[in-house]
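Structure first, commentary second.
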Amino acid sequence: MSTFTDLSSWCQPTKGVKYVTTKVVEWENGAKGSGHWVRVPEGYDFDVSIPRALWWLLSPRDARFHKAACLHDHCLHVLDWGRVSSAASFSDALKATGVGKWTRLAMVLSVIVWHWE
């Protein structure tokens, strides 16, 4: 296990599909031992942006998606990574939290192609 997957009680809902971190979220980007750490600070606001029409299939309240969404938003908006780079970490984080490959593929393609804002 890792500091990412072992972390529990790390966020709380704020409104709708929006959440705030209550602990630091750490993710080692790339291969284990790469030393390329992303640290999302306590108090960081993020959302789980799944279109409402797809909630019957992919619930934004599914805890398996939360850490990956937090990481993705932080990489994209704070670290100013590109959409594809942020999506790559999103994919790896989804995999680490047990999301299957087809669901992961659909979600990753969505964050690359669709601009939610």
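The values are calculated or read from the model by the stated rules, or taken from the named source; none is laboratory data. Just so it is clear, the structure is predicted and the values come from calculations on it, not from any experiment. Cβ atoms come from the backbone with ideal geometry, glycine included; neighbour counts cover every protein chain shown. Note: areas computed on protein heavy atoms with side chains; ligands, DNA, RNA excluded. Shrake-Rupley method; radii C 1.70, N 1.55, O 1.52, S 1.80 Å.
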Inset, instruction - Could you work out how far apart the two model spin labels at Lys18 and Arg52 are, taking each label as a point 7 Å from the Cα in the direction of the beta carbon, and quote it in nm? - result: 1.6
Inset, instruction - Can you check what the Kirkwood hydrodynamic radius comes to for the chain, Cα pairs only, in Å to one decimal? - result: 14.2
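Roughly to the nearest percent, how much of the accessible area of the range 28-109 is carbon and sulfur, given a 1.4 Å probe? Kindly include the intermediate steps, with their values, before the conclusion.
Numbers: 2600 of 4530 Å².
Roughly 57 percent of what the probe reaches on the range 28-109 is carbon or sulfur.
Give me the dipole magnitude in Debye, nearest 20, for the chain about the Cα centre, with unit charges on the beta carbon: positive for Lys and Arg, negative for Asp and Glu.
For this selection, approximately 360 debye.
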Legend entry - Listed residues Gly43, Gly33, Gly82, most fluctuating in the chain (Gaussian network, C-alpha, under 10 Å): Gly33
Legend entry - Residues in the range 22-51 that a label on Thr5 would reach, taking backbone N under 17 Å of a point 7 Å out along Cα→Cβ: 26-34
